[in-house]
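Report on the following structure.
Rule-based calculations on the coordinates, nothing more; no lab input. Values in this document were obtained by computation on a predicted structure and should not be read as measured data. Because the Cβ atoms are built from the backbone with ideal geometry, glycine has one as well, and the counts that use them run over all protein chains shown.
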Amino acid sequence: MKEINNFLPEKEFLDIKEFFLSSWMPWFYNKNQTTNSKKDTSFFSHRFLDNKEIMSDLYQIVEPIIKKIKHKKLLRIQANLIVNTKKQTLSNFHVDWPIKHKVSIYYITTSNGFTLLDPKDKIKIKCEENKLVTFDGKTLHAAVSQTDKDQRIVLNINYI
């Protein structure tokens, strides 16, 4: 696992954050965060790219982030928004893609929510804006919701 704080220059980061927090950002409701049989909480998402195909007219918003990540092939890029439910909830532990890949999570907002890696080791990654965390795609991970802010927003990037 690798963490990079202040991943983007401040101006670029603030422009991206402002857009994600604006009423112009289209979010789509998802009943569950994962496809595992155990139900977890709902969330909102926006898929920018799936299976190497650009899915959103807003792709250029995330390009400054993507350009700084060394990749051969992009698999999926998705923004996730979890709303405050007044108590911290844990999504199911999961992997994002069934093939050998890497996961980078770019944190757009800061909150007391976090990402948990590996159900045995329980490595806790704080949700701190403008931070990029990268780990092996076969690592089980889960999202933990926040109680201190209205929303927790991350960009999840899967690639080879």
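Just to be sure I understand the model, the point goes 7 Å from the Cα along the line to the Cβ. What's the resulting residue 122 to residue 110 distance in nm?
2.6 nm
For segment 61-155, with the dipole built from +1 on Lys and Arg beta-carbon atoms and -1 on Asp and Glu ones, taken about the Cα centre, which of 123, 88, 75 lies farthest toward the positive end?
75
Quick one: dipole size for the chain, taken about the Cα centre, charges +1 on Lys/Arg Cβ and -1 on Asp/Glu Cβ, in debye to the nearest 20.
I would put it at about 600 debye.
Given 48, 114, 140, which one lies farthest toward the positive end of the charge dipole of the chain, if we put +1 on the Cβ of every Lys and Arg and -1 on the Cβ of every Asp and Glu?
140
Where does the Debye-calculated log10 I(q)/I(0) of the chain sit at q = 0.13, 0.17, 0.18 Å⁻¹, using only Cα point scatterers of equal weight, no solvent?
Normalising to I(0) and taking log10 leaves -0.56, -1.03, -1.18.
Using just the helices of the chain, give the 222 nm mean residue ellipticity in deg cm²/dmol: DSSP H runs with n ≥ 4 each add -39,500 (n - 2.57), and the total is spread over all residues, rounded to 500.
It comes out at -4000 deg cm²/dmol, rounded to the nearest 500.
Treating cross-link reach as a plain straight distance, find the lysines whose alpha-carbon is under 18 Å from the alpha-carbon of residue 73, omitting any fewer than eight places away in the same chain.
52, 100, 102, 138
Could you calculate the contour length gain from residue 4 to residue 71, that is, 0.36 nm times the residue separation minus the distance between their Cα atoms, to one decimal place in nm?
Once the chain is fully extended between residue 4 and residue 71, it gains 22.5 nm.
Given labels modelled 7 Å from the Cα in the Cβ direction, how far is it in nm from residue 138 to residue 25?
Once both label points are built, they end up 3.4 nm from each other.
Using Cα pairs under 8 angstrom and six or more residues apart, how large is the relative contact order of the chain, in percent?
Details: 362 pairs, mean separation 46.3, N = 160.
About 29 percent, as a whole number.
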